[in-house]
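Reading through the structure tokens given below for one structure.
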Amino acid sequence: MAKISTGGSQQFAWAEREDAPLREVYVPHAEYRSPSAFVVHEGGGEYSLIVGSHNTFHYYQAQVVAYGRNNTRCKFFKRPTPEWVTLPPPGVSGWCTRFYVSCTNVSGAAVDSKFVFSFSGVAINDTPRLAGPAAFFETAADGTAIARNYERTSDGSYTTGRGWMSFNSSSGNPLPTIRRRSAGNYLVSIPGLGTPNPGLAQVTALGSGTTHCVTGSPYSLADSPTTLRVAVYGWAGSTRADTDFVLNYDQYVTRIANDYQGARAHADKPFSVPYAPRRSYNSGAIADDPGTNTASGRGTGLYNMHHSKIRSTPNSAWVGAAYSATGGNYCKIESWVPSSSGGTIVHIRCYDAQGNPVNSEYFETFQGPGIGPS
């Protein structure tokens, strides 16, 4: 789960009942959910997530990734909406945000699927506060911002505005900018978060259709904005296509409290021999011994990521294919399990645009409130 480094509201859920009765609110698996996340099977391949315990009228972001051993993938098919709901037992009523997820098979048809959902946002009454270094925002297909009160800059870029899905932890909160360079090709700059050791971004497509997004490694100098490429593809081939998207960027993964932990990695060698990933940031529940990340392969498009100091429950995972010249690749979570040598192994699958297993670079994050070594 992508987690703002200190404070805020953090929610996650493993939606394991892909064939749950329609319109019935269900509680996801207790070991892979936060207390305020609930799931509804809305129809064929469509789900909604009801998320509470946050300020529904202030900034937040969410990410979703398909789960399982097939080549389905998932995205958000429309924008989240605040609403007053009565949650399942104990039946507490209050303002929540409903997020909408759609999943498709290799032909682009709607299909029921398991998935993993993660959320970061402002806590109720803004206590504890979101901190950083981190930024997130929602953008429109043409590069403008969905968030309220966006402003167009003089050079043609667009700020993300100070709306529901916009946040920057850096001093003075300068807003990120998005430039649409061509169809399905965007350049994102995040002021104030430049560093010689860039962080890692998550991106999820938003809107109808079967588009999906990938992002590249961030690049910057110590005193310049962090810059990211975002590319969008249709289902088949490597054809670019414009779409809205939600992006989350964290410069580091650090504990938000003694009972939180996390790790992230950029797996840049699609080989089977174990190796330490590039741009690998760790934080374990033991501050002076955060552990290590080790990546390895187990066949074409099949990967393992071992986090040596992190428990497997209760936690959440996310994975995304890295930006590449060939384009169209995507990745998903197969599962995560305790490791016999300690920590957790996350199993990952990557596919090309036609749904065939393919070797691919990928970004992975794993985080939640599990404490200490397994």
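Look through the stretch 113-133, keep the residues that are surrounded by fewer than 21 Cβ atoms within 10 Å (Cβ to Cβ) and among the aliphatic types (A, V, I, L, M), and return whichever of them is farthest from the chain's Cα centre (by Cα).
So, considering only residues that are surrounded by fewer than 21 Cβ atoms within 10 Å (Cβ to Cβ) and among the aliphatic types (A, V, I, L, M), the one farthest from the chain's Cα centre (by Cα) is I124.
Residues are listed down the side, and each one gets a yes or a no for (1) assigned to a loop (DSSP other than H, G, I, E, B); (2) modelled with pLDDT of 90 or more; (3) touching a Phe, Trp or Tyr at 6+ places or on another chain (Cβ under 9 Å):
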site: S324; (1), (2), (3): yes, no, no
site: G328; (1), (2), (3): yes, no, yes
site: K332; (1), (2), (3): no, yes, yes
site: V337; (1), (2), (3): no, yes, no
site: V346; (1), (2), (3): no, yes, yes
site: N359; (1), (2), (3): yes, yes, yes
site: E364; (1), (2), (3): no, yes, yes
site: Q367; (1), (2), (3): no, no, yes
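Quick one: in the stretch 41-66, of everything that is among the aliphatic types (A, V, I, L, M) and surrounded by 21 or more Cβ atoms within 10 Å (Cβ to Cβ), which residue is farthest from W95 (Cα to Cα)?
A66
Restricting the search to the stretch 326-348, which residues are surrounded by 18 or more Cβ atoms within 10 Å (Cβ to Cβ) and in contact with a Pro (Cβ under 7 Å, 6 or more places away or on another chain)?
The answer is G343, T344.
If you go through the stretch 82-95 one residue at a time, do you hit one that is crowded, with 17+ Cβ neighbours inside 10 Å, at pLDDT 90 or above, under 18 Å from F12 (Cα atoms) and assigned by TED's automatic domain parsing to the domain that holds D19?
no
Looking at the stretch 314-345 only, could you name the residues that are hydroxyl-bearing (S, T, Y) and free of Cβ contacts under 8 Å to residues at least 24 places away in the same chain?
S340 - this is the single residue of the stretch 314-345 that is hydroxyl-bearing (S, T, Y) and free of Cβ contacts under 8 Å to residues at least 24 places away in the same chain.
Are any of the residues in the stretch 75-95 of a type in the set (G, A, S) and closer than 22 Å to N248 by Cα?
no
How many residues does the stretch 15-59 contain that are touching a Cys at 6+ places or on another chain (Cβ under 6 Å) and either part of a loop (DSSP other than H, G, I, E, B) or of a type in the set (G, A, S) (or both)?
Residues in the stretch 15-59 being touching a Cys at 6+ places or on another chain (Cβ under 6 Å) and either part of a loop (DSSP other than H, G, I, E, B) or of a type in the set (G, A, S) (or both): 2 in total.
Hey, can you tell me all the residues within the stretch 208-220 that are modelled with pLDDT under 85 and either assigned by TED's automatic domain parsing to the domain that holds A353 or part of a strand (DSSP E or B) (or both)?
Passing the criteria: only Y219.
Of all residues being among the small types (G, A, S) and assigned to a strand (DSSP E or B) in the stretch 96-112, which is surrounded by the most Cβ atoms within 10 Å (Cβ to Cβ)? Just the residue, please.
Residue satisfying both the conditions and the ranking: S102.
I need the full set of residues from the stretch 221-260 which are modelled with pLDDT of 65 or more, closer than 30 Å to T127 by Cβ and out of contact with any Phe, Trp or Tyr (no Cβ under 9 Å at 6 or more places or on another chain), in order please.
Correct list: P225, Y260.
Name the residues in the stretch 134-156 that are surrounded by fewer than 24 Cβ atoms within 10 Å (Cβ to Cβ) and at pLDDT 80 or above, would you?
Matches in the stretch 134-156: A140, A141, D142, G143, T144.
The values are calculated or read from the model by the stated rules, or taken from the named source; none is laboratory data. These numbers come from a predicted model, not from an experiment. We place every Cβ from the backbone using ideal geometry, glycine too, and count neighbours over all the protein chains shown.
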